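Chemist: The structure is given below, and queries will be raised subsequently.
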Amino acid sequence: PRPADDRATFRRGGINGRWQAAYELVKVLSLERREGTLDPRFAEESVRVFEAAVNDDPRVRRYLTRAMEMVDSPAVVEALIGALDGPDEETRLYAIHSLGGLRASSSIPELLKFSEDEDSGFRKSAVYALGQMDDPRVVEPLKVAVNDRVPDVRWNAALQLARRGDSAGAAVLGEMMHRPFLEGIEMTETQRVGAT
């Protein structure tokens, strides 16, 4: 569908049409952003639809969360931060990812809480998102995460530190490259070859 069709579906479409339109919109907006044709007015509209969709099928808000990552706007960042308190776990994970993609430093205090969450999925996502921020407040939490009990969290922290030129995660990166260790991790052979 054309972008205008997807946007109109949010306003008047049925539940199935709305989440499918949201899914398609992520792809359309990604293309528009790459081509430099993204309409900045989408930010206001997406926030309005996102807030109105609170009682919709959760997939609508999940995909809108990803779509909003395409538009850097204070209103979008505020809506995504608000979604971190929402009831749907996947929407919260998508919001964390989108805040990282937007490099929204105003979300750092909230993301820091998720970097200490007992759920490793939230910790991993928060560490990744924090690593996208060009802000000195994230360095120490990344160094703490290098010692997390869950390999995915450690690896994300080590990679984000390495991107900054910080060697605090060097031992973890070495662990990642160690073939016998990788043999014990569930991944495809292609992923294993790519890692080494």
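Chemist: Considering only residues of the range 50-102 that are outside any helix (DSSP H, G or I) and over 21 Å from Asp39 (Cα atoms), which is modelled with the lowest pLDDT?
Modeler: Filtering first and then ranking leaves Asp56.
Chemist: Output the residues belonging to the range 117-172 that are in a loop (DSSP other than H, G, I, E, B) and open to solvent by 30 Å² or more (accessible area, probe 1.4 Å).
Modeler: Correct list: Asp117, Glu118, Asp119, Asp134, Asn147, Arg149, Val150, Arg164, Gly165, Asp166.
Chemist: OK, next. Could you grab the pairs with beta carbons closer than 7 Å, sequence gap of 6+ or different chains, first residue in the range 56-83 and free of Cβ contacts under 8 Å to residues at least 60 places away in the same chain, second one open to solvent by 20 Å² or more (accessible area, probe 1.4 Å) and small (Gly, Ala, Ser)?
Modeler: Close Cβ pairs satisfying both conditions: Glu69/Gly101; Met70/Ser30; Val77/Ser106.
The values are calculated or read from the model by the stated rules, or taken from the named source; none is laboratory data. Everything numeric here is computed off the predicted structure, so don't read it as measured data. No Cβ is skipped: glycine too gets one built from the backbone with ideal geometry, and neighbour counts run over all protein chains shown. Areas reflect the complete protein model, heavy atoms only, side chains present, ligands, DNA and RNA absent. Shrake-Rupley method; radii C 1.70, N 1.55, O 1.52, S 1.80 Å.
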